[in-house]
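Each remark here refers to the structure printed beneath this line.
Nothing in this text is a laboratory measurement; each read-out follows from the coordinates by a stated rule. Worth saying up front: this structure is predicted, and the values here are computed from it rather than measured. Counting neighbours? That spans all protein chains shown, and the Cβs are built from the backbone with ideal geometry, glycine included.
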Amino acid sequence: MPQALALKANGRGVIHGIDTWCAEEEIKFASKEKQVKWLNKVNYEDIYQSFLSALEPHNLNEIIRIHRMTSTDAVSMFDVINILHIDGGHSEEISCQDVELYLPKVKKGEFIWFYDIRWASKARNILAFKCQLLKTVGMNNNCELYRKLY
């Protein structure tokens, strides 16, 4: 939301959020029974509605566009990306897929935020090949900021 507020203050820009908000998609890549049980208890629709409600008081509905779909289904919607944030459904497989699909669309010199880095070593290796690591931040150093080199 801070990025959306900055875009609103500048009078230009759009943020696209891609998420299924759906337990079935998350469960496809869950690696442990305990994880599956927890995911089945999560009320994704309530979380989604709470998120939308949080946008309303700040009039961010025009700046943040939500696409309820997988990142694979959404990739064709974008030609060029200035800033990319990858969260990858908390899965090594999806993180790698997201990097491979979306990194070519990020302009040279622009930024990629990669969240939950500890378990996504393959995706980080792809980023390290084409990008410069600028900073590691977040609680427990779990987020990295890259600049695309080429």
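The table for this structure:
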{"read-out": "Potential lengthening between residue 55 and residue 110 on full extension [0.36 nm per residue; Cα-Cα distance subtracted]", "value": "17.2 nm"}
{"read-out": "Cβ-defined net charge surrounding residue 127, 11 Å radius [Lys, Arg +1; Asp, Glu -1]", "value": "+2"}
{"read-out": "Spin-label pair residue 28/residue 80, simplified geometry with 7 Å Cα→Cβ offset, distance in nm", "value": "3.1"}
{"read-out": "Dipole axis of the range 13-57 (+1 Lys, Arg; -1 Asp, Glu on Cβ), positive-most option in 48, 31, 16", "value": "31"}
{"read-out": "Cβ crowding within 10 Å averaged over residues, with 136-147, 104-115 ranked highest first", "value": "104-115, 136-147"}
{"read-out": "Only Lys, Arg (+1) and Asp, Glu (-1) charged, at Cβ; the chain dipole about Cα centre in debye", "value": "640"}
{"read-out": "Peptides ranked, highest mean first, by Cβ atoms within 10 Å: ranges 92-99, 77-84", "value": "92-99, 77-84"}
{"read-out": "Pairwise centroid distance, computed over Cα atoms, of the range 19-56 with the range 92-122, Å", "value": "21"}
{"read-out": "Over the chain, volume per residue of the alpha carbon convex hull, in Å³", "value": "123"}
{"read-out": "For residue 21, residues with placed amide H under 5 Å, excluding near neighbours", "value": "none"}
{"read-out": "Coarse-grained scattering of the range 1-85 at q = 0.11, 0.23, 0.25 Å⁻¹, given as base-10 log I(q)/I(0) from a Debye sum over alpha-carbon atoms", "value": "-0.39, -1.15, -1.23"}
{"read-out": "Relative contact order of the range 71-150, defined on C-alpha pairs under 8 angstrom at six or more residues apart (%)", "value": "30"}
{"read-out": "Computed [θ] at 222 nm, helices only, for the chain once each DSSP H run of length n ≥ 4 contributes -39500 (n - 2.57)", "value": "-11000 deg cm²/dmol"}
{"read-out": "Farthest positive-ward along the chain dipole, Cα basis, beta-carbon charges - from 143, 101, 61", "value": "143"}
{"read-out": "Taking the chain and dividing mean pair separation by its residue count, relative contact order in percent (alpha carbons under 8 Å, at least six apart)", "value": "20"}
{"read-out": "Dipole moment magnitude, nearest 20 debye, the range 71-150 about Cα centre, only Lys, Arg, Asp, Glu C-beta charged", "value": "460"}
{"read-out": "Neighbour net charge for residue 14 - beta-carbon separation under 11 angstrom, K R +1, D E -1", "value": "+2"}
{"read-out": "Burial order of peptide ranges 60-70, 31-41 (average beta-carbon count within 10 Å, highest first)", "value": "60-70, 31-41"}
{"read-out": "All-pairs alpha carbon distance profile, the range 83-142, 5 Å steps from 0, percent", "value": "4, 19, 34, 28, 13, 2"}
